[in-house]
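A.B. asks: Handing you a structure now.
The values are calculated or read from the model by the stated rules, or taken from the named source; none is laboratory data. Source: prediction; values computed, not measured. Note: ideal-geometry Cβ built from the backbone for every residue, glycine included; neighbour counts use all protein chains shown.
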Amino acid sequence: MTRYDYVVIGSGIAGLSFALKAAEHGEVALITKSNKAESNTTYAQGGIACVTSPEDSFELHVQDTLVAGAGLCDEAVTRVLVSEGPARIRELIELGVQFDVRDGEASPEDSATAELDLTKEGGHSKRRILHSRDITGREIDRALIAAVEKHPRIHVLEHHMAVDLITLSKLGFASEDRVLGVYVLDENTGNVKALRSDYVVLATGGCGKVYLYTTNPAIATGDGIAMAWRAGARISNMEFIQFHPTCLYHPDAGSFLISEAVRGEGAILVDKNGRRFMDRYDPRGELASRDIVARAIDAEMKRTGARCMYLDITHKPAEFVRERFPNIASTCLKYGIDITKQKIPVVPAAHYQSGGVQTDADGSTSLRGLYAIGEVACTGLHGANRLASNSLLEAVTMAHRCNAAILRTRCPDETAARSHFALPEWTSGVAQDLDELVVVYHNWDEIRRLMWDYVGIVRTTKRLQRAATRLRNLDREIQEFYWNFKVNTDLLELRNLCTVASIIVDSALLRRESRGLHYTLDFPTPDESQRHPTVLRRG
Ligand code: FAD
Ligand code: SIN
């Protein structure tokens, strides 16, 4: 057993930002299941929403967030996170993040003093999105990782996957429950070790991989939600899965996003004949909020039988397009699409979980000692539909608040009193090596396909019930594997995917109305009496 002051699970913007702050006050283990640069954060394109322009105001950003959230945002939390954004942006710039500035090349010095170049995305009434061309996440990651690598008190454990939280109740104590640490699979050796800490911070990101088509990378398997669920923490609003309207449609492209900022800079959505359709769905057209645009594309595809719709930015000067969106332009070109001359084929894909582990405005969950920040958390900022580019903002502001809150409440005496707890070693018992990997892959595919087919952009009660039944059967089978075979990442991720899929379906079945990202043909309108978060807890 190894002991740390803090254990942080995840090396995206939330985990890295928290680790840097916490390391000023203690030893931090930062565990991450792939290499430290692999996260949703790395792929973030559009940017980070923050009020920095004199033409903008906190009130406007708050109102845009509340409108997108379709009546379910926590207004107090929204005001706090929006107003604390500028201070966190200044810290990122001080760390070396190079946001684009107007009329010229970005440099760290420029970012601190020059006028930032602001872009626009769906649902925003002002240009307020700071960006680093179309690779904002990669740039933020670069600067945070460089700082983390230099910090002597941050111990980064790459290729280490958190398996489960260790709680008092799991150790057989009936008193008030709390987290004492976490079991972690060292992927290099196949051994599971126990890490002891009174402060365990989930920063594990989202669960896009629960769907067949997603913009998310392979790490996004909802591990944090599943671990928190198993430990008995409250999970909120998981029916609100955001589908990004514009993922590149190409057989070889995997899951490449075409940023909403492309529409922010003037691109229009058209069908194969070049006919625009968004004005039939919302007066804001292509810049309506994401739920509306994704549903409109889905409806057009179903209505016309087309396999995709198209994004057209060919009317903009080619030089501007190539400079502003170098990553998108070059990736599309790799697939034979010159976006300065050709329309981009696009389809919606699962992108973001607007719900998560329920927290207060400081990242505390319902389980003592467990904190959640970033996409894994449900703070109340996003309500029923996240406003574009509010995710990076939420992650960085919550990392700061969470660290400050822990410092305020840290109680050394209490920690000392518990220090005699020796965590039990992980036991594999009679578990065998898993020899039927094909079954794992089959179940994995089945979950992702059934979620896509039955729990997608447009839902019905009947399809949700079918999904629930199928998932219960799969869960029984997967639990059997879990107990009978030695754990490996594939099996652990499959187990987590199945848990999270069930939570999404159960949450969706509870909401008997359509609101934000949850649209069901059986209850097609919002119902004021259901304007409250969905909260689930194991048992
Ligand atoms: P992540 O960045 O996803 O990091 C999670 C970390 O946890 C990873 O390091 C992962 O390996 C690790 N992890 C997970 N499970 C375990 C485990 N069991 N054990 C150990 N480690 C684990 N948002 C915006 O605001 N603006 C944008 O422009 C934007 N663009 C996006 C573009 C794309 C293609 C995608 C996919 C998302 C985009 N988003 C954007 C959303 C945003 O990027 C994410 O919500 C945000 O980066 C999440 O940060 P995070 O730190 O919470 O999690
Ligand atoms: C994008 O660039 O379109 C993604 C923005 C986001 O998810 O907030």
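A.B. asks: What pairs can you find where one residue is in the stretch 144-160 and within 11 Å of ligand 1 (Cβ to nearest atom), the other is in a strand (DSSP E or B) and of a type in the set (Gly, Ala, Ser), and their Cβ atoms are less than 8 Å apart, with a gap of 6+ or different chains?
C.D. replies: 157/29
A.B. asks: While we're on this one: Can you pull out the residues in the stretch 331-361 that are more than 16 Å from ligand 1 (Cβ to nearest atom) and either farther than 19 Å from residue 386 by Cα or in contact with a Cys (Cβ under 8 Å, 6 or more places away or on another chain) (or both)? Explain how you work it out, then say what you get.
C.D. replies: As a first pass, look at the stretch 331-361 and keep what is more than 16 Å from ligand 1 (Cβ to nearest atom): 333-343, 345, 360-361.
Once the filter is applied, which keeps residues that are more than 16 Å from ligand 1 (Cβ to nearest atom) and either farther than 19 Å from residue 386 by Cα or in contact with a Cys (Cβ under 8 Å, 6 or more places away or on another chain) (or both), the stretch 331-361 yields 333, 334, 335, 336, 337, 338, 339, 340, 341, 342, 343, 345.
A.B. asks: I'd like to know if the stretch 190-199 contains one or more residues that are away from ligand 1 (no atom under 14 Å from the Cβ) and assigned to a strand (DSSP E or B).
C.D. replies: So far as the stretch 190-199 goes, yes, one or more of its residues are away from ligand 1 (no atom under 14 Å from the Cβ) and assigned to a strand (DSSP E or B).
A.B. asks: Specify the residue that is nearest to residue 333 (Cα to Cα); the eligible residues are those in the stretch 200-215 that are within 14 Å of ligand 2 (Cβ to nearest atom) and touching a strand residue (DSSP E or B) at 6+ places or on another chain (Cβ under 7 Å).
C.D. replies: So, considering only residues that are within 14 Å of ligand 2 (Cβ to nearest atom) and touching a strand residue (DSSP E or B) at 6+ places or on another chain (Cβ under 7 Å), the one nearest to residue 333 (Cα to Cα) is 215.
A.B. asks: Across the stretch 201-213, which residue is surrounded by the most Cβ atoms within 10 Å (Cβ to Cβ) among those that are under 15 Å from residue 241 (Cβ atoms) and near ligand 1 (Cβ under 8 Å from one of its atoms)?
C.D. replies: Taking the candidates together, the pick is 205.
A.B. asks: Quick check: is even one residue across the stretch 224-231 more than 25 Å from residue 360 (Cβ to Cβ) and under 21 Å from the mean Cα position of the chain (by Cα)?
C.D. replies: no
A.B. asks: State which residue is nearest to residue 149 (Cα to Cα) when the search covers only the stretch 36-63 and only residues that are buried (at least 24 other Cβ atoms within 10 Å of the Cβ) and more than 8 Å from ligand 1 (Cβ to nearest atom).
C.D. replies: 50
A.B. asks: In addition: I'd like the residue in the stretch 349-366 that is surrounded by fewer than 23 Cβ atoms within 10 Å (Cβ to Cβ) and either β-branched (Val, Ile, Thr) or in a loop (DSSP other than H, G, I, E, B) (or both) and, out of all such residues, is farthest from the chain's Cα centre (by Cα).
C.D. replies: 366
A.B. asks: Any residue at all in the stretch 246-258 that is away from ligand 2 (no atom under 16 Å from the Cβ), closer than 27 Å to residue 520 by Cα, not β-branched (Val, Ile, Thr) and not in a helix (DSSP H, G or I)?
C.D. replies: No - not one qualifying residue is present in the stretch 246-258.
A.B. asks: Sticking with this one: Here's a check for you: in the stretch 268-278, which residue that is free of Cβ contacts under 8 Å to residues at least 60 places away in the same chain and in a loop (DSSP other than H, G, I, E, B) is farthest from residue 342 (Cα to Cα)?
C.D. replies: In this case the residue turns out to be 277.
A.B. asks: Same structure again: Return the pair list, or none, for Cβ contacts closer than 6 Å from residues in the stretch 47-63 that are at positive phi to residues that are within 16 Å of ligand 1 (Cβ to nearest atom), at least 6 apart or on different chains.
C.D. replies: 47/129; 47/130; 47/131; 47/136; 47/389
A.B. asks: Further, regarding this structure: Those residues that are outside any helix (DSSP H, G or I) and out of contact with any helix residue (DSSP H, G or I) (no Cβ under 6 Å at 6 or more places or on another chain), I need them from the stretch 1-20; list them, please.
C.D. replies: 1, 2, 3, 4, 5, 7, 9, 10, 11
A.B. asks: Turning to a different aspect of this structure: Taking the stated definitions as given, is residue 24 more than 30 Å from residue 324 (Cα to Cα), acidic (Asp, Glu) and either more than 16 Å from ligand 2 (Cβ to nearest atom) or modelled with pLDDT of 95 or more (or both)?
C.D. replies: Yes.
A.B. asks: Further, regarding this structure: From the list 505, 458, 500, 487, pick out the single residue that is more than 20 Å from the chain's Cα centre (by Cα) and farther than 16 Å from residue 439 by Cβ.
C.D. replies: Just a single option satisfies the conditions, and that option is 458.
A.B. asks: Then there's this: Being in a helix (DSSP H, G or I), small (Gly, Ala, Ser), more than 12 Å from ligand 2 (Cβ to nearest atom) and more than 20 Å from residue 383 (Cα to Cα): is that true of residue 226 here?
C.D. replies: yes
A.B. asks: Right, here's the next one. Out of the stretch 276-297, which residues are charged (D, E, K, R) and modelled with pLDDT under 95? Let's see the steps before the verdict.
C.D. replies: Kept after step one, since they are charged (D, E, K, R), are these residues of the stretch 276-297: 276, 279-280, 282, 284, 286, 290-291, 295.
Matches in the stretch 276-297: 290, 291.
A.B. asks: Would you check if there is a residue in the stretch 325-348 being more than 21 Å from the chain's Cα centre (by Cα), assigned to a strand (DSSP E or B), surrounded by fewer than 19 Cβ atoms within 10 Å (Cβ to Cβ) and in contact (Cβ under 8 Å) with a residue 60 or more places away in the chain?
C.D. replies: Scanning the stretch 325-348 turns up no residue that is more than 21 Å from the chain's Cα centre (by Cα), assigned to a strand (DSSP E or B), surrounded by fewer than 19 Cβ atoms within 10 Å (Cβ to Cβ) and in contact (Cβ under 8 Å) with a residue 60 or more places away in the chain.
A.B. asks: Another one. Counting just the residues of the stretch 305-324 that are in contact with a Ser or Thr (Cβ under 7 Å, 6 or more places away or on another chain) and surrounded by 15 or more Cβ atoms within 10 Å (Cβ to Cβ), which one comes out farthest from residue 292 (Cα to Cα)?
C.D. replies: 322
A.B. asks: Looking at the stretch 286-308 only, could you name the residues that are assigned to a helix (DSSP H, G or I), farther than 13 Å from residue 348 by Cβ and more than 16 Å from ligand 2 (Cβ to nearest atom)?
C.D. replies: 303, 304
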